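Reviewing the structure listed below.
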Amino acid sequence: MKKSLIALAVMAAAGAASAQSSVTLFGIVDATLAWGKGNGAGSSHRFQLTNSGYNSSRLGFRGTEDLGGGLSASFWLEAGVNNDDGTGSNTNTNNQTTGTSTATAGTQGLTFNRRSTVSLAGNWGEVRLGRDYTPQFWNRTIFDPFGTNGVGTALTQAVGTSLTGQNAVRASNSIGYFLPARLGGFYGQAQYYAGENQSNSGANHRDGTGYAARVGWASGPFNVAGAVSYTRNSVVGGIHQNNIAGQWDFGVAKLMGQYEADSVGATDGRGWLIGGLIPVGPGEIRIAYSSFKVDFNASPAVASPESSKWALGYVHNLSKRTAVYTTYAHQSNKNGSALGLNGALTGVNESASGLDIGIRHSF
Amino acid sequence: MKKSLIALAVMAAAGAASAQSSVTLFGIVDATLAWGKGNGAGSSHRFQLTNSGYNSSRLGFRGTEDLGGGLSASFWLEAGVNNDDGTGSNTNTNNQTTGTSTATAGTQGLTFNRRSTVSLAGNWGEVRLGRDYTPQFWNRTIFDPFGTNGVGTALTQAVGTSLTGQNAVRASNSIGYFLPARLGGFYGQAQYYAGENQSNSGANHRDGTGYAARVGWASGPFNVAGAVSYTRNSVVGGIHQNNIAGQWDFGVAKLMGQYEADSVGATDGRGWLIGGLIPVGPGEIRIAYSSFKVDFNASPAVASPESSKWALGYVHNLSKRTAVYTTYAHQSNKNGSALGLNGALTGVNESASGLDIGIRHSF
Amino acid sequence: MKKSLIALAVMAAAGAASAQSSVTLFGIVDATLAWGKGNGAGSSHRFQLTNSGYNSSRLGFRGTEDLGGGLSASFWLEAGVNNDDGTGSNTNTNNQTTGTSTATAGTQGLTFNRRSTVSLAGNWGEVRLGRDYTPQFWNRTIFDPFGTNGVGTALTQAVGTSLTGQNAVRASNSIGYFLPARLGGFYGQAQYYAGENQSNSGANHRDGTGYAARVGWASGPFNVAGAVSYTRNSVVGGIHQNNIAGQWDFGVAKLMGQYEADSVGATDGRGWLIGGLIPVGPGEIRIAYSSFKVDFNASPAVASPESSKWALGYVHNLSKRTAVYTTYAHQSNKNGSALGLNGALTGVNESASGLDIGIRHSF
């Protein structure tokens, strides 16, 4: 996403002392014509005018205040926007299934579900409080040619969504620490998030509480990072989400790969992706192959559902802020998996295909 | 509504290249003291401090980016605001009754229910994607002296609200095309909207999908337009909303008229309006008579409910942005109709009256 | 709270005539690490990353238009923000229990629950329409060293929350009048708010309707104010909320006190507070003792629940906009009261303690 497109001049209430301060209104409106088609028993095809096929639609407010002495304070409030129908998105209040639900049709208002944080930062790094992305999500989206959006989104975790529960992407009630920039290419962050249950609420009193960390190293064309995370859950068993990912920019193409290993109690999930971005004039070709498999580790053994996806896309930049794009994806299912694309249903062990055509405008 | 009242200077993240671009924060806060009174059995009177008696209260964000070569990209996110209590408004996600509901008391958050679109425009016109007004709504509101707001709002469709379902005013998941300006007074638009149901969902699989178009011609004091629309509905039968409307500006007064013909399955609705706007110094007198009748076309025949309304109002502009206003309306019902005004109940075939006094402030 | 930090230059749509006008985007993001601990049977301890420990988190839009001749129009739309999880807050649509509810988990969107008003003001004062603070709330928050926020919040009404129902802090559908400034230190306001029920809805047809007024006098170091209010309620009996409060600024410390007398039907509540603010360099020590007691006036007599709280805190200002803070509070319960702190449970007649550590950033 393009950032900082609007920097509003700040006039402090009692003077003009805070010259380095700014507040920014920003957002993305991404509309997608999305076709999906399944095969076999119970399958469907479907057309939707949906959103976020290239970048997630959003509206946000953020700002930074220079406190002097290298210290700064900042805030970030960012809401998801479903611009096909005008609704917002729900959030999760306690990092547990009890903290989220689906609003009745057409009533979901804007929440700052994508991020709502306040930070203090210095040359020692940044402390960030509120609802924020989890460390382990960054490797999945940064090292996915499709940025975990649209029909081409990496399948490294798609089968395991139900496994990884509430914290695959973001956590509420979080306390995060980020290493400062300029550490010779080394970067990292750690996060703690609270489930906030009562101490006397029984076996689940620590559910929703978790820890995560991510470290990486970027140098020249090279960037690699790993992340680990653990969320307590007394109902389904502890949730682990770990991954490692990287990219090499060859100039003519940027090659990416990622490997994800999740577990929920005794159930394991493994996913991987290989893909790339190929610049073409003012545009970019995107390509990826990704796969995910679930092992229930049951006795007697049960089948391990598995899905794989090919995705090919092209983004044409009309400007830094505006792009048109298209993506085609084809997905295979086996061992009981029945994962569809673009909201269409597909049969058990049947393939699915989908096409996105859209426009992304940022501000 | 007044537009573009705030144009925020845009500083592009990587330079000052996009000089023609802008992002605008805009809105209207309109508060209304509203009295309603019914007559006969089961009637009531009621006082409310409500909203939008003159213009619909809203908060919005919109912007345009000049892409060069006559091409531009733009976005528009506009939320309804009930400023008497602070709630937002619900929306409809699929242009069907299944896509909308009423939030529990006091919980409805802001949605961009009024409009949430992204557009590409050139000298060939504009393509617009998202949630937008339906073409057929424009004739009803533009050629109504009361702009479909407040106690004086045109009654050309009021009896038939249940007939015309979810798409009388706006549609989600829409793809719209607008003719370019400067066609010698000729203007027009077409819209397609998707119900987005699964192809295998049975008889209703195309419900909520529809088509609409509007064409008009404006020249000097003269402006006339017609619109047609059709929305698929397997439950109540296809929904047609068609109308024609126009105005002539005589200088001392602007005369308006409209005729609406709707149908839902075998049931027809017919409405018409005649009215006018009379400028008086910094203010304007508004007057309208409108009527609506429903024919069930049942056998044996049943009564055709009918309602008519007289409305008289005055708007006093304190500035371009701020106005105070008042409207009085009196409504008649017959053949089983029991339509009240301003939230008060009236008896079957009884009349109702209502008064608005309010202030409209835009920004 | 700090105000007016961003004043957006306004360019009127049709010229630059409104030079004195402005629209302001403003807000507060306050994140709090909150520990609570109870004692006795059924008690718990609890840790939360919560919000608004010092000032209430919010996002707002407000503006003023100079209409000339001493007249101005203004609007104010302000939403509560739970920045620990991104949700908004619910509101109340009719000043009755039927006008509010709790959204399902994680779905509460932004509403302008804190304030949504439009005003006309002149040298005769201000008329304000919409959802606004009640007059009686101002004494409780202004003359509380902890500003009715966080673990140290005044206990002058805490036991009686259920008594005072929906209008302790704000009212919807309100019409307010404010005396002009510059009356030699004398200030005041009056408010009417509508329950908006149908006239034929039975005994409750005036429920939620109420009246309130506040008058005060500030001169040099001295400030004192009193407020009265009455809200109709046919179910529990009329609700009265009355208080008087004041402060004296001795320079080395600002001493505050308040007394609150509420009633709902036959049940009375009485609360009082004494506290102070002590400036220390760029910071401020805050201290308060407050107490509340409920008398059911039942026959035969029942116990009168009573709670008292000691609170001590320190706020360190990093700038005018950014502060870090901590507060410790200890609460006693007797006669059947079991009021906990910071979301932890405590036993009947048992004490509770709580600690806040947080950061407040305003923009």
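The values are calculated or read from the model by the stated rules, or taken from the named source; none is laboratory data. The shown structure was predicted, so the numbers you read here are calculated from the model rather than taken from an experiment. Positions of Cβ are generated from backbone atoms using ideal geometry, with glycine treated the same way; all protein chains shown enter the neighbour counts. Note: accessible area is taken over every heavy atom of the protein model, side chains too, but ligands, DNA and RNA are not part of it. Shrake-Rupley method; radii C 1.70, N 1.55, O 1.52, S 1.80 Å.
Table for the structure above
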read-out: C:L155 being of a type in the set (A, V, I, L, M, F, W, C), modelled with pLDDT under 95 and surrounded by fewer than 16 Cβ atoms within 10 Å (Cβ to Cβ); value: no
read-out: Among (1) part of a loop (DSSP other than H, G, I, E, B); (2) touching a His at 6+ places or on another chain (Cβ under 7 Å) - the single one C:N113 does not satisfy; value: (2)
read-out: Verdict on C:V228 being in contact (Cβ under 8 Å) with a residue 24 or more places away in the chain, on the phi < 0 side of the Ramachandran plot, over 22 Å from the mean Cα position of the chain (by Cα) and open to solvent by 60 Å² or more (accessible area, probe 1.4 Å); value: no
read-out: Any hit, segment A:250-259, residues being modelled with pLDDT of 95 or more and in contact with a helix residue (DSSP H, G or I) (Cβ under 7 Å, 6 or more places away or on another chain); value: yes
read-out: Answer residue from segment C:270-287, given it is among the small types (G, A, S) and touching a residue at least 60 places away in the same chain (Cβ under 8 Å) and is farthest from C:V252 (Cα to Cα) among those; value: C:G271
read-out: Output for segment A:324-339, where each listed residue is of a type outside the set (S, T, N, Q) and either closer than 11 Å to A:S308 by Cα or surrounded by fewer than 20 Cβ atoms within 10 Å (Cβ to Cβ) (or both); value: A:V324, A:Y328, A:A329, A:H330, A:K334, A:G336, A:A338, A:L339
read-out: Verdict on A:A218 being under 30 Å from C:G36 (Cβ atoms) and either in contact with a Pro (Cβ under 8 Å, 6 or more places away or on another chain) or not in a loop (DSSP other than H, G, I, E, B) (or both); value: no
read-out: Filtered residues of segment B:174-206 (kept if touching an Asp or Glu at 6+ places or on another chain (Cβ under 8 Å), within 14 Å of chain A (Cβ to nearest Cβ) and over 12 Å from B:T134 (Cα atoms)); value: B:G195, B:N197
read-out: In segment A:170-216, the residues that are in contact with a Lys or Arg (Cβ under 7 Å, 6 or more places away or on another chain), of a type in the set (G, A, S) and surrounded by fewer than 18 Cβ atoms within 10 Å (Cβ to Cβ); value: A:S199
read-out: Condition met for B:I244 (closer than 30 Å to B:I359 by Cβ and open to solvent by 20 Å² or more (accessible area, probe 1.4 Å)); value: no
read-out: Single condition B:G109 does not satisfy, out of (1) in contact (Cβ under 8 Å) with a residue 24 or more places away in the chain; (2) open to solvent by less than 20 Å² (accessible area, probe 1.4 Å); value: (1)
read-out: Extreme residue, most open to solvent (accessible area, probe 1.4 Å), among residues of segment A:81-104 that are touching a helix residue (DSSP H, G or I) at 6+ places or on another chain (Cβ under 9 Å) and away from chain B (no Cβ under 14 Å); value: A:T97
read-out: Hey, A:L277 within 14 Å of chain B (Cβ to nearest Cβ), open to solvent by 10 Å² or more (accessible area, probe 1.4 Å) and hydrophobic (A, V, I, L, M, F, W, C) or not; value: no
read-out: Residue that is nearest to A:K320 (Cα to Cα), among those in segment B:19-44 that are at pLDDT 95 or above, in a strand (DSSP E or B) and more than 8 Å from every other protein chain (Cβ to nearest Cβ); value: B:F26
read-out: Selection status of B:T104, of a type in the set (S, T, Y), under 19 Å from the mean Cα position of the chain (by Cα), assigned to a loop (DSSP other than H, G, I, E, B) and farther than 24 Å from B:P305 by Cβ; value: no
read-out: Residue among A:S219, A:S234 that alone is over 24 Å from A:G147 (Cα atoms) and surrounded by fewer than 18 Cβ atoms within 10 Å (Cβ to Cβ); value: A:S234
read-out: Pairs with Cβ under 6 Å, 6+ apart, first in segment A:170-193 and in contact (Cβ under 8 Å) with a residue 12 or more places away in the chain and closer than 18 Å to A:G226 by Cβ, second among the acidic types (D, E) and in a strand (DSSP E or B); value: A:G176/A:D132; A:F178/A:E126
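Okay, residues lined up against (1) without any contact (Cβ under 8 Å) to a residue 40 or more places away in the chain; (2) touching a Pro at 6+ places or on another chain (Cβ under 8 Å):
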{"residue": "C:R321", "(1), (2)": "no, no"}
{"residue": "C:T326", "(1), (2)": "yes, no"}
{"residue": "C:K334", "(1), (2)": "yes, yes"}
{"residue": "C:G343", "(1), (2)": "no, no"}
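Okay, residues lined up against (1) under 21 Å from the mean Cα position of the chain (by Cα); (2) surrounded by 23 or more Cβ atoms within 10 Å (Cβ to Cβ); (3) closer than 30 Å to C:G237 by Cα:
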residue: C:G283; (1), (2), (3): no, no, no
residue: C:F292; (1), (2), (3): yes, yes, yes
residue: C:S299; (1), (2), (3): no, no, yes
residue: C:S307; (1), (2), (3): yes, yes, yes
residue: C:L341; (1), (2), (3): yes, yes, yes
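Table: residues versus (1) more than 14 Å from chain B (Cβ to nearest Cβ); (2) assigned to a loop (DSSP other than H, G, I, E, B).
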residue	(1), (2)
A:D66	yes, no
A:A79	no, no
A:G109	no, yes
A:D132	yes, no
A:P145	yes, yes
A:V151	yes, yes
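Conditions tested, residue by residue: (1) closer than 21 Å to B:N95 by Cβ; (2) of a type outside the set (S, T, Y); (3) modelled with pLDDT of 95 or more.
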| residue | (1), (2), (3) |
| --- | --- |
| B:G188 | no, yes, yes |
| B:S199 | yes, no, yes |
| B:A245 | no, yes, yes |
| B:D268 | no, yes, no |
